[in-house]
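Nothing in this text is a laboratory measurement; each read-out follows from the coordinates by a stated rule. The structure presented is a predicted model; accordingly, all values stated were derived computationally and were not measured. Every residue, glycine as well, gets a Cβ built from its backbone with ideal geometry; the counts of neighbours run over all protein chains shown.
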Amino acid sequence: MNTTLRSRCIRTLAAGALSAALLSAGAAGTSASAAAASKPSPSASKPSPSASKTAGSITVKASSTSVKAGDKVTFTGRTKGLPIGTKLVLQHKKGNKWTTLQASTLVKQGSSYSLDAKLNDKGKQDLRVKYDEVVSPTVSVTVK
């Protein structure tokens, strides 16, 4: 009985010491990475125009690359770094300016989305999905 109690005490002390060692190593690693992250990089003295306040990304794929005027096109994709329920909008390029269309959706469970839009303007349409400063790559749909 006495040896069983002693074995349990030794195992408990060993587990406690191991836990403390792992926690202190994790804390040291966290503070080291935080210190490294706070140091500015000499090559990144000027933020790039594509850098955003909101860390995240959006992918997009159109259901069709060529449609008749007034037909519905479904845009699907995934997001990274955006919470579920985030509102996404569809934009198209007119000249050199991006304008928001009436189509919008919310990010679903699994960070995916699906967005339906009717395209009426004939010609090549450059479209993207946007949230705040986070934008997807441009997709082109030809409207006939």
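The string of couplings for segment 58-73 from the Karplus curve (6.51, -1.76, 1.60, θ = phi - 60°) is 9, 9, 8, 9, 8, 5, 8, 9, 8, 9, 7, 4, x, 6, 8, 10 Hz, one whole number per residue in order, with x for Gly and Pro. Annotation: amide H-H contacts under 5 Å for D71 (H modelled 1.01 Å from N, sequence separation of 5 or more, or interchain): L119. A simple rule links phi to the HN-Hα coupling: the Karplus curve 6.51 cos²θ - 1.76 cosθ + 1.60 with θ = phi - 60°, which for segment 107-120 gives 5, 9, 4, x, 6, 10, 8, 9, 9, 9, 8, 9, 9, 10 Hz, with x for Gly and Pro.
If a/c stays under 1.5 just call it rounded; otherwise compare a/b with b/c (prolate if a/b is bigger, oblate if not). Do that for segment 53-100, with a ≥ b ≥ c from the square roots of the Cα gyration tensor eigenvalues. Taking the square roots of the gyration eigenvalues as a ≥ b ≥ c, segment 53-100 is oblate. Mean separation of Cα pairs under 8 Å and 6 or more residues apart, divided by the residue count, gives segment 57-143 a relative contact order of 37 percent.
Cross-link partners of K108 among lysines, defined as those whose alpha carbon lies under 27 angstrom from its own and excluding same-chain residues fewer than eight positions apart: K53, K61, K72, K80, K87, K93, K118, K130. Each of T12 and T138 was given a label point 7 Å from its Cα along the Cα-to-Cβ line. The distance between the two points is 6.8 nm.
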